[in-house]
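Read through the structure below, which is laid out as structure tokens, and then see the notes.
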Amino acid sequence: MAGPGHDADRKAGTGKWEGYPPPPPPQAARETEREWVPWVVPVFVAANVAMFAVAMYANNCPAHGAGRRCVGAGFLGRFAFQPLRQNPLLGPSSATLEKLGALVWDKVVHGGQGWRLFTCIWLHAGVVHLLANMLSLVLVGLRLEQQFGFARVGVIYLASGVGGSVLSSLFVRDNISVGASGALFGLLGAMLSELFTNWTIYTNKAAALVTLLLVIAINLAIGMLPHVDNFAHIGGFLTGFLLGFVLLMRPHYAWSQRYVLPSSVKDAGRKYLPYQWALLAVASVLAVLGLTVGIAMVFRGVNGNEHCQWCHYLSCVPTAKWSCGK
């Protein structure tokens, strides 16, 4: 192949390339191929792990009456896990999680502790819970951050976590809730809306859509098992889905390839297509309105189950093998 100093592929005396377009200018190449170095997702992972260590330190199972029944008391000391009958996920007690900021409906509504809508997303019920969420965060979050940067992914993660807490507070009153699952489902929702709003730049559209929908459906189905707060998943997913239209919009295919299109194509159009702006506008209104109304309903003590008689099936489906409780 001829090196950059050769002009064997140019028309004599014209400076134009024969057979294929010239390479894009360096600035355009950086604009279309830029990848961010992810750091906010690793920070989120580290923060979740650190908070779990803090929870286990504060829990101090051997000093609170469980004694030898604490899992790993012989070598973990005060970091030993609660007895498996109390917490099969290998973690602290419910009382410890509640003290550290778990989502408790009564404390949010009647105690004025709205900060629990945010703090609960940094706590986990056990090692199993933590590892599952952090693995998902790494697999999904790193890819998104590489493509869209820390600011947008960080906003989607945090806002989706709060959105999940809000929906959970509207439907779950008798149990505490912890975990980053709502924030993680927000990232999945953002991936889905990103696929829709940037539809023109994807080649295997159907395969990408089916794969993503299958992953989302499986995870939501798992959330219908007992002791899983699927309302946090759904709230986080809906929040992330709307924010994806707002924050993850990309230039359409013709514009991003404007420097390498054939000379017969003279106009690549505007950077963003009309339908992208329309989706951004609608999603922005729905996201702001949804979070605002949802938070207002939570602090007013609205019980979502009174307005939706079948919604409890979204979080748990009773069978002959288990009961969903209240």
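So Asn219 passes all but one of these: (1) part of a helix (DSSP H, G or I); (2) of a type outside the set (Val, Ile, Thr); (3) at pLDDT 85 or above. Which condition number does it fail?
If we test Asn219 against (1) part of a helix (DSSP H, G or I); (2) of a type outside the set (Val, Ile, Thr); (3) at pLDDT 85 or above, just (3) comes out false.
Take the residues in the stretch 266-316 that are under 30 Å from Val109 (Cβ atoms) and of a type in the set (Ser, Thr, Tyr); name whichever of them is surrounded by the most Cβ atoms within 10 Å (Cβ to Cβ).
The qualifying residue surrounded by the most Cβ atoms within 10 Å (Cβ to Cβ) is Ser315.
Within the stretch 151-180, count every residue that is assigned to a helix (DSSP H, G or I) and either charged (D, E, K, R) or surrounded by 19 or more Cβ atoms within 10 Å (Cβ to Cβ) (or both).
Looking only at that region, the number is 17.
Given (1) closer than 14 Å to Val178 by Cβ; (2) in a loop (DSSP other than H, G, I, E, B), identify the lone condition not met by Asn133.
(2)
Filter the stretch 136-177 down to the residues that are modelled with pLDDT under 95 and basic (Lys, Arg) and list them by number.
If the condition is that a residue be modelled with pLDDT under 95 and basic (Lys, Arg), then Arg143, Arg173 are the ones that fit.
Out of all the residues in the stretch 236-282, which are in contact with a Gly (Cβ under 8 Å, 6 or more places away or on another chain) and at pLDDT 95 or above?
The answer is Gly236, Phe237, Leu238, Thr239, Gly240, Phe241, Leu242, Leu243, Gly244.
Mind listing just one residue for me: the one in the stretch 73-95 that is within 13 Å of Gly126 (Cβ to Cβ) and of a type in the set (A, V, I, L, M) and, of those, surrounded by the most Cβ atoms within 10 Å (Cβ to Cβ)?
Ala80
The values are calculated or read from the model by the stated rules, or taken from the named source; none is laboratory data. Note that the coordinates shown come from a computational prediction; the quantities given were computed from them, not determined experimentally. Counting neighbours? That spans all protein chains shown, and the Cβs are built from the backbone with ideal geometry, glycine included.
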